[in-house]
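Here the structure is laid out as structure tokens; the discussion comes afterwards.
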Amino acid sequence: MLKKFFLLCSGADRTLLSTCSDGENTKFAGIGATVFFTAVMAFIASSYALFTVFDSVYPAVFFGLVWGLLIFNLDRFIVSTIRKRDSFWSEFLQATPRIILALIIAIVISKPLEIKIFEKEINTVLLKEKNAMALENKKEVANYYKSDLDKNKTQVDSLKSEIANKEKEVNTLYETYITEAEGTAGTKKLGKGPVFKEKIAKHDLAKAELDSLRKTNLAKISIAEKASTTLQTDLDKKVLETQPIIDGFDGLMARINALNKLPWLPSFFIMLLFLATETSPIIAKLLSPKGEYDFKLEDLETALKATINQDKYQRELLVKTSAAMHDKVYDEIAKDQELLNLQRKEAKKLLELQALNFVEKQKRTF
């Protein structure tokens with residue numbers, strides 16, 4: 001049962017194979033098995049590749065099955081149409097398009113399995129890239145809000161500086177009138193004289209200005225700090241909103257790019273393995289010797305070709321002979337005087353009728 005299935009996969013004529021030896025049947029069963037397992041490998045690889053795209057098993061398996069059947073049908077068709085010739089290079093030239101296609105397919109389907117094999121290493125590369133992207137994203141978002149934040153900070157620092165300068169001025173005036181009262185500076189007279197009163201008045205005025213300035217600036221500082229807090233909240237919100245995009249940087253293309261950053265030699269050998277698998281049906285057919293089945297098939301094809309050529313020649317000869325006979329018959333008819341007189345008489349009647357009809361039309365115009 002299994003042998004019959006593999007013979008079906010080989011694309012060979014099973015009726016013709018039934019007349020061949022067991023060795024010939026075994027050879028084509030091996031070719032059919034190679035075609036079948038190549039399609040199975042194509043199904044597995046394409047299903048995994050599509051799973052990384054769709055993140056769902058059902059569409060991945062469905063399209064993977066379609067791809068596997070396509071490869072199976074293509075390999076079966078090419079293997080069944082390659083004819084064993086006396087020259088290996090003529091056979092190889094016939095199989096060249098399939099070999100080129102096998103190279104393309106091997107590259108395409110080997111990548112998903114390479115991604116699965118080197119999944120841990122790829123995850124490490126992606127983690128580094130995601131961290132770098134997160135830092136870069138945070139830096140870009142911070143640069144976007146930087147001008148407003150710096151403006152608010154400058155404004156707050158300026159307002160606080162004004163308060164500090166005014167406090168320094170008030171403290172200086174305070175020390176001035178205290179030392180005047182103690183007689184350690186100024187007029188150096190102990191007691192609260194006219195100079196003391198003048199200095200304390202300046203201090204009280206500056207103190208009042210300080211209180212007013214502090215009230216005004218603290219209100220402005222509060223507004224600026226609220227604005228800064230709002231900007232910082234917006235900045236953090238923007239970073240959080242864009243973080244899922246960075247976390248989702250895990251698709252097929254990202255993994256292929258990460259794979260390309262790993263050492264190339266292991267991936268290269270895996271690709272060679274798939275190339276060998278993809279070309280194995282063609283190689284098996286090319287390397288197999290010309291056997292009993294090939295000779296019988298060639299005999300049937302040449303016999304059919306000879307029959308078709310003979311039938312074609314006979315049909316062409318029949319057409320030429322029939323044309324020559326018809327030419328001779330019509331030539332003799334053209335020389336028949338009785339038939340010529342009859343045709344002349346009928347033509348004369350036709351001309352008379354045309355003349356009468358013309359006269360009738362002319363009368364109706366008047």
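The values are calculated or read from the model by the stated rules, or taken from the named source; none is laboratory data. The shown structure was predicted, so the numbers you read here are calculated from the model rather than taken from an experiment. A quick note on method: Cβ atoms are made from the backbone with ideal geometry, for glycine too, and the neighbour counts reach across all protein chains shown.
Some observations on this one:
- Set side by side, the residues 336, 331 differ, and just one is modelled with pLDDT under 80, over 30 Å from residue 29 (Cα atoms), exposed (fewer than 10 other Cβ atoms within 10 Å of the Cβ) and not assigned by TED's automatic domain parsing to the domain that holds residue 42, which is 331.
- Of the candidates 301, 278, the single residue that is out of contact with any Leu (no Cβ under 7 Å at 6 or more places or on another chain) and not assigned by TED's automatic domain parsing to the domain that holds residue 89 is 301.
- Subset of region 38-76 that is buried (at least 21 other Cβ atoms within 10 Å of the Cβ) and of a type in the set (Val, Ile, Thr) - its residue that is nearest to residue 302 (Cα to Cα): 71
- Test result for residue 120, more than 30 Å from residue 266 (Cα to Cα), loosely packed, with under 15 Cβ neighbours inside 10 Å and out of contact with any strand residue (DSSP E or B) (no Cβ under 9 Å at 6 or more places or on another chain): no
- Any hit, region 16-37, residues being surrounded by 14 or more Cβ atoms within 10 Å (Cβ to Cβ) and assigned to a loop (DSSP other than H, G, I, E, B): yes
- Which numbered condition residue 191 fails, given (1) at negative phi; (2) at pLDDT below 75: (1)
- Subset of region 289-309 (residues that are part of a helix (DSSP H, G or I), exposed (fewer than 14 other Cβ atoms within 10 Å of the Cβ) and among the basic types (Lys, Arg)): 305
- Out of 121, 91, sole residue that is of a type in the set (Asp, Glu) and modelled with pLDDT of 80 or more: 121
- You will find that of 182, 169, the residue that is at pLDDT below 70, of a type in the set (D, E, K, R) and either assigned by TED's automatic domain parsing to the domain that holds residue 210 or touching a strand residue (DSSP E or B) at 6+ places or on another chain (Cβ under 9 Å) (or both) is 182 and no other.
- Among (1) at pLDDT 75 or above; (2) of a type outside the set (Val, Ile, Thr); (3) in the same structural domain as residue 76 (by TED's automatic domain parsing), the one test that residue 324 misses: (3)
- Counting the residues of region 113-143 that are within 30 Å of residue 233 (Cα to Cα) and either free of Cβ contacts under 8 Å to residues at least 12 places away in the same chain or among the aliphatic types (A, V, I, L, M) (or both) gives 14.
- Qualifying residue in region 77-84 (condition: surrounded by 16 or more Cβ atoms within 10 Å (Cβ to Cβ), assigned to a helix (DSSP H, G or I), touching a helix residue (DSSP H, G or I) at 6+ places or on another chain (Cβ under 6 Å) and not aliphatic (A, V, I, L, M)): no
- Residue list for region 254-288, filter: of a type in the set (Ser, Thr, Tyr) and in a helix (DSSP H, G or I): 267, 277, 279, 280
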